[in-house]
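One structure is given below, encoded as structure tokens.
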Amino acid sequence: MSSTIIISIMIGLIVLLLFVGAPIKPMRFIGQATVKLGIGILFLFFVNVFGGAFGLHIPINLFTASISGFLGLFGVASLAAIHLFII
């Protein structure tokens with residue numbers, strides 16, 4: 001499929017959601033999950049920036065970002081412990 005078709009379909013779905021309306025609960029869940037994922041990415045970025053001096057590097061991917069986003073600082077600490085002691 002070409003990119004114009006995909007973009008046209010996405011714009012059409014957005015316009016449809018604007019006219020019909022989206023269900024509240026699933027959209028709230030998706031929004032909260034996106035925010036938590038973004039926070040997890042920021043946590044991992046700062047751990048990589050400050051942990052670089054100690055040789056600590058945790059790759060930023062979907063799995064590690066979701067762990068650190070949903071578990072918070074405990075998730076980041078557990079990923080760092082796994083990196084230091086197991087890997």
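If you take the residues of segment 20-53 that are out of contact with any helix residue (DSSP H, G or I) (no Cβ under 9 Å at 6 or more places or on another chain) and among the charged types (D, E, K, R), which of them is least open to solvent (accessible area, probe 1.4 Å)?
Among residues in segment 20-53 that are out of contact with any helix residue (DSSP H, G or I) (no Cβ under 9 Å at 6 or more places or on another chain) and among the charged types (D, E, K, R), the one least open to solvent (accessible area, probe 1.4 Å) is ARG28.
Pairs only if they're at least six apart or on different chains, beta carbon under 8 angstrom, first in segment 18-42 and part of a helix (DSSP H, G or I), second modelled with pLDDT of 90 or more and open to solvent by 100 Å² or more (accessible area, probe 1.4 Å); list them, first residue then second.
LYS36/PHE70; GLY40/PHE70
Scan segment 54-87 residue by residue and report those that are assigned to a helix (DSSP H, G or I), open to solvent by 90 Å² or more (accessible area, probe 1.4 Å) and not β-branched (Val, Ile, Thr).
Kept after step one, since they are assigned to a helix (DSSP H, G or I), are these residues of segment 54-87: 54, 62-71, 73-86.
Filter again for open to solvent by 90 Å² or more (accessible area, probe 1.4 Å), leaving 54, 62-63, 70-71, 73-74, 84-86.
Within segment 54-87, PHE54, LEU62, PHE63, PHE70, LEU71, LEU73, PHE74, LEU84, PHE85 meet the criteria.
The values are calculated or read from the model by the stated rules, or taken from the named source; none is laboratory data. Note that the structure is predicted; figures quoted are calculated from it, not measured. Using ideal geometry, Cβ is built from the backbone for each residue, glycine included, and neighbour counts are taken over all protein chains shown. Please note that ligands, DNA and RNA were not included when accessible areas were found on the heavy atoms of the full protein model with its side chains. Shrake-Rupley method; radii C 1.70, N 1.55, O 1.52, S 1.80 Å.
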